Amino acid sequence: MTTTTPALVAYGDAVRRYDPVIGIEVHVELGTRTKMFCPAEQSFGAEPNTQTTPVSLGLPGALPVVNGTAVEYAIRIGLALNCQIAESCRFARKNYFYPDVPKNFQTSQYDEPIAFDGWLDVELEDGTVHRVEIERAHMEEDAGKNTHVGGSAGRIHGAEYSLVDYNRAGVPLVEIVTRPITGAGERAPEVARAYVQALRDIFRVLDVSEARMERGNVRADVNLSLRATPEAPLGTRTETKNVNSFRSVERAVRYEVSRQAAILDAGRSVVQETRHFHEEDGSTSPGRVKSDAEDYRYFPEPDLVPVAPSRAWVEEIRATLPELPQARRRRLHDEWGFADAEMRDVVNAGALDLIEATVAAGATAAAARKWWMGELARRAKQEEAELADLAITPAQIGELQQLVDAGRINDKIARQVLDGVLAGEGDPEQVVVSRGLEIVSDDGPLLVAIDEALAAQPDVVEKVRGGNQGPVGAIIGAVMKATRGQADAKRVRELVLERIAG
Ligand code: MN
């Protein structure tokens, strides 16, 4: 129970009176086969302490060697974030004692990061673009993992005992640090979220990390401070550590805005400290008073030579960068001819890849969008699933649309075909055949059904012969029913009128 924090200020009130400034540090675990400074393998979910070497255990005399693939991945990230790549840079020791850091220092980079001075344009859900300046992206290693058993909330305080797993110790990380992000105003929480999401998307297309938030592959430290006006100097910031989902990034910013506003309103000062984020209620609580850099007693790592990527190598890497997510979205937007709002809905629904693959399977963009954003979105919502998790592939949707285009099924029957595919009955063609759903295009069976319907409703036939075509719908309806909706209604109408006239 803390009595030192005044009640929160409502978010809307807080951002009317204060200008929020955010700063985000993102750590991404690189998907290299081995660790940053030793040949221990790294893979998720291995038995504790089975992926170690003397280097990652910090044993005396063990000497580190830099993982070249990790350096390449760091350069890829730097280039994708429009950074300069250092001609030469060194590693540094960041000294601190904690049981999951077996060497008592983390090998990191300090004043010589591999990448610096970049930027990233991030797009909010309504299409607004906010430019985030990147101060640096540096290489370092991950710590091991402590598990505190007993006590509350898994924290060391109050725990009965602690377990340490060094499998993660020495896993390559790139840490990306922004300059203070200003000018976001009340949209600061959205900008923070969109930035982390944009980074995650970039890591994935660069193929440098699986970038799975839920596995902790990407972790964000969210700095926030308030100032009275956008002209005022920066206020005192807090740093909420290890925020592990996009939604939590947004909530952490919101909470700190409301909390710090209350402190400033009371005429008090925000304490510069790290804070923990609480998933249950979206609140933060104090961690430790933030060390200044000098407390870490950084000094150059004497066991490693400097990393000096040749300009030729950097250019080679630049030339092989894939199309980045934002450029791809713009290209597809142009190619598909969707309205801005349609495109945003597609992106927000996570349907971009699906529609692209459906188009590749032969559907038009409009048809692909109609299925994924219409019928399939409805079903995904029903099942509380992601579109991509539905048991249907873009190739199958392409095939379904081809069946419609060929006139073999209509849109209404196509939905029954979807049922079949989703139920695991096979590809659309197979479902059409096994369920007998093909449209009856042969006039023979139609005429049989039409004659039966005419015979059953002689009064309608009389009226139509008398010049009143209105009631003909009743005959057509009966025929469609008899053919289970598989007749072409237009052809049925033609035949019915011919039959009555003849
Ligand atoms: Mn770090």
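The values are calculated or read from the model by the stated rules, or taken from the named source; none is laboratory data. Small disclaimer: the values here were computed from a predicted structure and weren't measured. Neighbour counts run over all protein chains shown; Cβ positions are idealised from the backbone, glycine included.
Restricting attention to the stretch 416-435, which residues are within 29 Å of the chain's Cα centre (by Cα), part of a helix (DSSP H, G or I) and surrounded by fewer than 16 Cβ atoms within 10 Å (Cβ to Cβ)?
Once the filter is applied, which keeps residues that are within 29 Å of the chain's Cα centre (by Cα), part of a helix (DSSP H, G or I) and surrounded by fewer than 16 Cβ atoms within 10 Å (Cβ to Cβ), the stretch 416-435 yields only 419.
Looking only at the stretch 333-350, filter to residues that are aliphatic (A, V, I, L, M) and over 18 Å from the mean Cα position of the chain (by Cα); which one of those is farthest from residue 122 (Cα to Cα)?
Keep residues of the stretch 333-350 that are aliphatic (A, V, I, L, M), which gives 339, 341, 343, 346-347, 349.
Filter once more, so that each one left must be over 18 Å from the mean Cα position of the chain (by Cα): 339, 341.
On the way: 339: 20, 341: 17 Å.
Per the stated criteria, the residue is 339.
Within the group 129, 122, 65, which residue is assigned by TED's automatic domain parsing to the domain that holds residue 276, β-branched (Val, Ile, Thr), buried (at least 19 other Cβ atoms within 10 Å of the Cβ) and away from the ligand (no atom under 16 Å from the Cβ)?
122
Among the residues of the stretch 219-247, what is the count of those that are under 28 Å from residue 29 (Cβ atoms) and touching a Phe, Trp or Tyr at 6+ places or on another chain (Cβ under 7 Å)?
Residues flagged as under 28 Å from residue 29 (Cβ atoms) and touching a Phe, Trp or Tyr at 6+ places or on another chain (Cβ under 7 Å) within the stretch 219-247 amount to 2.
So, in the stretch 132-174, exactly how many residues are in contact with a helix residue (DSSP H, G or I) (Cβ under 6 Å, 6 or more places away or on another chain) and within 16 Å of the ligand (Cβ to nearest atom)? Don't jump to the end; show me each part of the working.
Of all residues in the stretch 132-174, those in contact with a helix residue (DSSP H, G or I) (Cβ under 6 Å, 6 or more places away or on another chain) come to 132, 137, 139, 142, 144-145, 172, 174.
Going one step further and asking which of them are within 16 Å of the ligand (Cβ to nearest atom), we end up with 137, 139, 142, 144-145, 172, 174.
Number satisfying all stated conditions: 7.
What about residue 340, is it in contact (Cβ under 8 Å) with a residue 60 or more places away in the chain, surrounded by fewer than 19 Cβ atoms within 10 Å (Cβ to Cβ) and over 30 Å from residue 488 (Cα atoms)?
Judged against the criteria, residue 340 is a match.
Can you pull out the residues in the stretch 91-103 that are within 16 Å of the ligand (Cβ to nearest atom) and either in contact with a helix residue (DSSP H, G or I) (Cβ under 7 Å, 6 or more places away or on another chain) or not acidic (Asp, Glu) (or both)? Please lay out each step first, then the result.
Start the filter on the stretch 91-103 by keeping residues that are within 16 Å of the ligand (Cβ to nearest atom), which leaves 91-96, 98, 100-101, 103.
Answer for the stretch 91-103, where residues must be within 16 Å of the ligand (Cβ to nearest atom) and either in contact with a helix residue (DSSP H, G or I) (Cβ under 7 Å, 6 or more places away or on another chain) or not acidic (Asp, Glu) (or both): 91, 92, 93, 94, 95, 96, 98, 101, 103.
Provide a single number: the residues in the stretch 13-34 that are away from the ligand (no atom under 16 Å from the Cβ), crowded, with 20+ Cβ neighbours inside 10 Å and among the acidic types (Asp, Glu).
Residues that pass the stated criteria total 1.
State yes or no: is residue 177 at pLDDT 95 or above and within 16 Å of the ligand (Cβ to nearest atom)?
Working: at pLDDT 95 or above: yes; within 16 Å of the ligand (Cβ to nearest atom): yes.
Yes, satisfied.
Regarding residue 398, is this residue part of a loop (DSSP other than H, G, I, E, B) and either under 22 Å from residue 349 (Cβ atoms) or not assigned by TED's automatic domain parsing to the domain that holds residue 364 (or both)? Break it down into steps so the answer makes sense when it comes.
Numbers: part of a loop (DSSP other than H, G, I, E, B): no; either under 22 Å from residue 349 (Cβ atoms) or not assigned by TED's automatic domain parsing to the domain that holds residue 364 (or both): yes.
Answer is no for this residue.
Got at least one residue in the stretch 35-42 being free of Cβ contacts under 8 Å to residues at least 12 places away in the same chain and either within 16 Å of the ligand (Cβ to nearest atom) or over 30 Å from residue 189 (Cβ atoms) (or both)?
yes
A quick yes/no check of all residues on (1) of a type outside the set (Lys, Arg); (2) free of Cβ contacts under 8 Å to residues at least 24 places away in the same chain; (3) closer than 22 Å to residue 491 by Cα:
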site: 412; (1), (2), (3): no, no, yes
site: 419; (1), (2), (3): yes, yes, no
site: 422; (1), (2), (3): yes, no, no
site: 432; (1), (2), (3): yes, no, yes
site: 445; (1), (2), (3): yes, no, yes
site: 448; (1), (2), (3): yes, yes, yes
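Which is at pLDDT 95 or above, in contact with a strand residue (DSSP E or B) (Cβ under 9 Å, 6 or more places away or on another chain) and closer than 22 Å to residue 199 by Cβ, of 347, 307, 314?
Working: 347 fails: at pLDDT 95 or above; 307 fails: closer than 22 Å to residue 199 by Cβ.
After ruling out the rest, the residue left standing is 314.
Can you pull out the residues in the stretch 173-215 that are within 19 Å of the chain's Cα centre (by Cα) and of a type in the set (S, T, N, Q)?
197, 209
Got at least one residue in the stretch 106-118 being within 14 Å of the ligand (Cβ to nearest atom), part of a strand (DSSP E or B), in contact (Cβ under 8 Å) with a residue 40 or more places away in the chain and not small (Gly, Ala, Ser)?
yes
Across the stretch 205-234, what is the total count of residues that are over 23 Å from residue 327 (Cα atoms), loosely packed, with under 13 Cβ neighbours inside 10 Å and among the charged types (D, E, K, R)? Write out each step before concluding.
Step one: of the stretch 205-234, the residues over 23 Å from residue 327 (Cα atoms) are 213-217, 219-234.
Among the residues that remain, those that are also loosely packed, with under 13 Cβ neighbours inside 10 Å are: 214-215, 228-233.
Now restrict to residues that are among the charged types (D, E, K, R): 214-215, 231.
Residues flagged as over 23 Å from residue 327 (Cα atoms), loosely packed, with under 13 Cβ neighbours inside 10 Å and among the charged types (D, E, K, R) within the stretch 205-234 amount to 3.
I need a count of the residues in the stretch 71-129 that are acidic (Asp, Glu) and more than 30 Å from residue 342 (Cβ to Cβ). Can you show your working first?
Restricting attention to the stretch 71-129, the residues satisfying the condition of being acidic (Asp, Glu) are 72, 87, 100, 111-112, 117, 121, 123, 125-126.
From the residues that got through so far, the ones that are more than 30 Å from residue 342 (Cβ to Cβ) too are 72, 87, 100, 111-112, 117.
Qualifying residue count for the region: 6.
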